[in-house]
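The values are calculated or read from the model by the stated rules, or taken from the named source; none is laboratory data. In this text the structure is predicted, and so the values were computed from the model without any measurement. In this analysis, Cβ positions are derived from the backbone assuming ideal geometry, glycine residues included, and neighbour counts consider all displayed protein chains.
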Amino acid sequence: MSAARDARRDPSWVRRTAHVLRPDPDRVLARLFLPGQEMASSERSRSEEVLRRVLTLDDVEVDHALRALTAAHGRRHHDLAAAWDAHFALVRHRLPGAGDVPARRRLLAGAYFTQEYALEAVALFNPSMVPHPDQTGLPDGSTRFVMTVRATGEGHLSSLGLRTGTVDAAGAVAVDPPPLHARPPVPTAVRYRRAAFEHLLVDADVDREEARFVLASLGAAFDRADLDRALGALRAQRLTRGSAARTIEQFEQVARRCYEVVFAAGSQMSDRVLMPQTSAESHGLEDVRMVRFQHLDGATTYLGTYTAFDGRDIAVQLLRTHDFVHFSSEPLSGPGAGNKGLALFPRQVAGRYVALSRADRESNAVTTSDDLLRWADPVVVQHPEHPWELVQLGNCGSPVETERGWLVLTHGVGPMRTYGIGAVLLDLDDPTRVVGRLARPLLTAQGAERSGYVPNVVYSCGAMRHGRALVLPYGSSDSVTRIALVDLDALLDAMPPERDPRAGAGG
């Protein structure tokens, strides 16, 4: 066998499973549809014209249309009638003075302003895996997991999906049946953190004294009413504060990047879909790197960093949840969070929060924070070195703690834009020190994995430790999700200790 062919083979201690999670074009959400703002021949809104046409239908036509629509679309949705009613309420203002609209006619009118959106019609990929918050009722040695997946649909719009399953004591992976419906969350009142505003305003073109004036009247956590009062006080002084309007807009920009949502308590985990919620992520909520984070007091929280994309610019956001029912999101800032791929360590190190960073877009680095929100200048720990990673490096999710160090799965990009998943080992007490590194990938695209939306890609947003194995979910060619098992001991043995160049030549 040639050396080149051998280099493409995965190590014997990596085992692919037969699981392939494919995108389901029949899984749809009911979203608002607006046919267009104005008619070409007049200044009237097209929405108004559509509403008038629907209201001229007789009762027989209305009943017939509703029965046909329900038969054709009802089974694909949890509560389609509720979506119709909500969408009618959003456009009802286009017909002032029309009087009360009967319930069934209101539903039909709402249907004309509703469209089905196939949220994973294009791809289902770039997963991360964490232990499920509920581990009850399992046999000894088994772990129930939650897997985040990036679902991509029309317009390359990405959202967060969830899947569940188990890994038994023997390492057999079982993925629960795919969901039938898609359930979006409901926005709830936001509790803002003053630190998020303080940090982002450091980087903004804003009058520092005016910003301090607003922040001084806000507590460590506050709600929208508190923010309105603080901004109102600044607005009242706009004649003597020349930059008040700009300062207020900067505060509003930060506020718009913060949100909280809640899913229906009775919804199934795999039904829940987090679509973009803000203008900053209007074109995608991408590549969530989820980790179960253990606080110093022993409590756990699920934290997920992700890329928000507005069609032109990217920003890094932080998701928090305890139960995968209630989620909050807020912006991250600082030089360490200056690009895609921030991945949190699962606990603090030496009293600080730590994360993997790729702020320079091609090297793996480590950054720290006092509060999870602002990230310091990153320290580069790994440069592209081997042929399979010379274009760029990045991480494949949060580090996994082992007795030998922090195990970091990496991705490298080589010739022909081929991706490989590698690994480095960082010191437990000083994560800026590399103590081991794989010389070649542990996983590359093989066979059918090479074909897809973006060929020759294998990419993960986070593996889960299960005993002496890693359960590694990965996206192949930006199209589907697969799962591999990695022998942890063999992987660690394949990374011989590296000499720390900072130690000098020695005596």
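Summary of computed values
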{"item": "Residue 298 in a loop (DSSP other than H, G, I, E, B), touching a strand residue (DSSP E or B) at 6+ places or on another chain (Cβ under 9 Å) and on the phi > 0 side of the Ramachandran plot", "result": "no"}
{"item": "Considering residues of segment 257-281 that are out of contact with any strand residue (DSSP E or B) (no Cβ under 8 Å at 6 or more places or on another chain) and free of Cβ contacts under 8 Å to residues at least 40 places away in the same chain only, the residue nearest to residue 348 (Cα to Cα)", "result": "279"}
{"item": "Verdict on residue 211 being at pLDDT 95 or above and loosely packed, with under 14 Cβ neighbours inside 10 Å", "result": "no"}
{"item": "Single condition residue 152 does not satisfy, out of (1) in a strand (DSSP E or B); (2) under 25 Å from residue 258 (Cα atoms); (3) in contact with an Asp or Glu (Cβ under 6 Å, 6 or more places away or on another chain)", "result": "(3)"}
{"item": "Lone qualifier among 329, 369 - being under 17 Å from residue 197 (Cα atoms), under 12 Å from the mean Cα position of the chain (by Cα) and surrounded by 21 or more Cβ atoms within 10 Å (Cβ to Cβ)", "result": "329"}
{"item": "Sole exception among (1) within 22 Å of residue 391 (Cβ to Cβ); (2) without any contact (Cβ under 8 Å) to a residue 24 or more places away in the chain for residue 314, by number", "result": "(2)"}
{"item": "The listed residue being closer than 18 Å to residue 204 by Cα, touching a strand residue (DSSP E or B) at 6+ places or on another chain (Cβ under 9 Å) and part of a helix (DSSP H, G or I), out of 254, 316", "result": "254"}
{"item": "Some residue of segment 244-258 being under 24 Å from residue 149 (Cβ atoms) and at pLDDT 95 or above", "result": "yes"}
{"item": "Hits in segment 223-261 (condition: loosely packed, with under 15 Cβ neighbours inside 10 Å and among the hydrophobic types (A, V, I, L, M, F, W, C))", "result": "225, 233, 236, 239, 245"}
{"item": "Residue 355 vs. criteria crowded, with 22+ Cβ neighbours inside 10 Å and free of Cβ contacts under 8 Å to residues at least 60 places away in the same chain", "result": "yes"}
{"item": "Condition broken by residue 92, with the remaining ones in (1) touching a Leu at 6+ places or on another chain (Cβ under 9 Å); (2) part of a helix (DSSP H, G or I); (3) modelled with pLDDT of 95 or more satisfied", "result": "(3)"}
{"item": "Within segment 264-285, tally of residues that are farther than 20 Å from residue 231 by Cβ, under 16 Å from the mean Cα position of the chain (by Cα) and not in a helix (DSSP H, G or I)", "result": "10"}
{"item": "Unique residue being at positive phi, at pLDDT 95 or above and among the basic types (Lys, Arg) when the list is 433, 465, 417, 450", "result": "417"}
{"item": "Single unsatisfied condition, residue 419 versus (1) in contact with a Ser or Thr (Cβ under 7 Å, 6 or more places away or on another chain); (2) aromatic (Phe, Trp, Tyr); (3) crowded, with 23+ Cβ neighbours inside 10 Å", "result": "(1)"}
{"item": "Qualifying residues in segment 488-507 (those that are at pLDDT below 85 and more than 13 Å from residue 435 (Cβ to Cβ)) - the one surrounded by the most Cβ atoms within 10 Å (Cβ to Cβ)", "result": "504"}
{"item": "Tally, over segment 349-366, of residues that are within 19 Å of residue 195 (Cα to Cα) and part of a loop (DSSP other than H, G, I, E, B)", "result": "1"}
{"item": "Complete set of residues in segment 157-187 that are closer than 24 Å to residue 260 by Cα and not in a loop (DSSP other than H, G, I, E, B)", "result": "157, 158, 159, 160, 161, 162, 163, 164, 183, 186, 187"}
{"item": "Qualifying residues in segment 54-66 (those that are surrounded by 11 or more Cβ atoms within 10 Å (Cβ to Cβ) and without any contact (Cβ under 8 Å) to a residue 40 or more places away in the chain) - the one nearest to residue 179 (Cα to Cα)", "result": "64"}
{"item": "Segment 390-431, residues that are over 18 Å from residue 380 (Cβ atoms), in contact (Cβ under 8 Å) with a residue 24 or more places away in the chain, not in a strand (DSSP E or B) and not small (Gly, Ala, Ser)", "result": "404, 415, 416, 417, 418, 428, 429"}
{"item": "One residue from 272, 212 being outside the structural domain of residue 78 (by TED's automatic domain parsing), more than 30 Å from residue 160 (Cα to Cα) and of a type in the set (Lys, Arg)", "result": "212"}
{"item": "Residue among 242, 232, 219, 311 that is in contact with a Ser or Thr (Cβ under 9 Å, 6 or more places away or on another chain) and either outside the structural domain of residue 158 (by TED's automatic domain parsing) or under 28 Å from residue 375 (Cβ atoms) (or both)", "result": "311"}
{"item": "Failed item in (1) without any contact (Cβ under 8 Å) to a residue 60 or more places away in the chain; (2) in contact with an Asp or Glu (Cβ under 9 Å, 6 or more places away or on another chain); (3) not in a loop (DSSP other than H, G, I, E, B), with residue 384 passing the rest", "result": "(3)"}
{"item": "Answer from 80, 69, 107 - the residue that is at pLDDT 95 or above, within 31 Å of the chain's Cα centre (by Cα) and either outside the structural domain of residue 272 (by TED's automatic domain parsing) or of a type in the set (Val, Ile, Thr) (or both)", "result": "80"}
